[in-house]
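Notes follow the structure.
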Amino acid sequence: MTPICYVSIIAQKPCYLPFPDKDSKTLGAELKRRRLELEWTQADTAKHFGVLKDSYQKWEWNQITPDIRKRKIVSQFLTFNYWDDGTGSLANRVLLYRIKHQLTRMDLAKTIGVSDSTIERVEKSQGSISNSIRFGIEIAIDKSIGAIDEK
């Protein structure tokens, strides 16, 4: 005969919320940190952004960057604009404008009347663009920002 023993083991459930290092400032770390603060799953967060869970995981794992049309809601989720480098450079102002208005490079290029490769060169600070095109981009963005701020 085997003895019957009634034993109860009581323990706290371990925490499965491995927060990223405080020093890590990658987009993935910021997303994961915020998600865990809200106690959301990756599936919950993906649903919030209107993307598949696999896509959201790739954001969190720094494998891909969210599409420009998702960056506005990502900024709202994080409670700050991850892409604002604080420089006020034309490159950063163009990117922030596109995020705010959820515009692809091609959409912005059509609006301003330049090529999408010009917008890409401006955002990446690569190559040179003429002063007249630079001035035209600055006017278009600043004029639009002013009109939006007045509303």
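The values are calculated or read from the model by the stated rules, or taken from the named source; none is laboratory data. Everything quoted here is computed from the prediction, not taken from an experiment. All Cβ positions, glycine included, derive from the backbone under ideal geometry; neighbour counts span all protein chains shown.
Points to keep in mind about this one:
- Which numbered condition GLN57 fails, given (1) over 17 Å from LYS32 (Cβ atoms); (2) over 10 Å from the mean Cα position of the chain (by Cα); (3) not hydrophobic (A, V, I, L, M, F, W, C): (1)
- Of the residues examined, VAL114 is one that is without any contact (Cβ under 8 Å) to a residue 24 or more places away in the chain, assigned by TED's automatic domain parsing to the domain that holds SER128 and closer than 30 Å to GLY136 by Cα.
- Condition check for GLN42: touching a residue at least 12 places away in the same chain (Cβ under 8 Å) and in contact with a Lys or Arg (Cβ under 9 Å, 6 or more places away or on another chain): yes
- Leading residue by the ranking (farthest from the chain's Cα centre (by Cα)) among those in segment 3-17 that are of a type outside the set (A, V, I, L, M) and at pLDDT below 75: PRO3
- Of all residues in segment 98-135 being buried (at least 16 other Cβ atoms within 10 Å of the Cβ) and over 19 Å from ARG69 (Cβ atoms), the one that is modelled with the lowest pLDDT: ILE129
- Any hit, segment 50-65, residues being within 30 Å of VAL114 (Cα to Cα), not hydroxyl-bearing (Ser, Thr, Tyr) and not assigned by TED's automatic domain parsing to the domain that holds ILE129: yes
- Candidates ASP142, ASP54 - the one that is surrounded by fewer than 13 Cβ atoms within 10 Å (Cβ to Cβ), at pLDDT 95 or above and assigned to a helix (DSSP H, G or I): ASP54
- Out of PRO66, PRO20, sole residue that is surrounded by 13 or more Cβ atoms within 10 Å (Cβ to Cβ), at pLDDT 95 or above and outside any helix (DSSP H, G or I): PRO66
- Residues that are within 27 Å of ALA29 (Cα to Cα) and among the basic types (Lys, Arg), drawn from segment 82-116: ARG93, ARG98, LYS100, ARG105
- Here GLN102, GLN126 are screened, and the one residue that is farther than 24 Å from LYS72 by Cα and out of contact with any Phe, Trp or Tyr (no Cβ under 8 Å at 6 or more places or on another chain) is GLN126.
Results for (1) closer than 27 Å to PRO20 by Cβ; (2) not aliphatic (A, V, I, L, M), shown as yes or no for each residue.
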| position | (1), (2) |
| --- | --- |
| LEU31 | yes, no |
| GLN57 | yes, yes |
| GLN76 | yes, yes |
| ASP85 | yes, yes |
| ASN92 | yes, yes |
| THR111 | no, yes |
| ARG134 | no, yes |
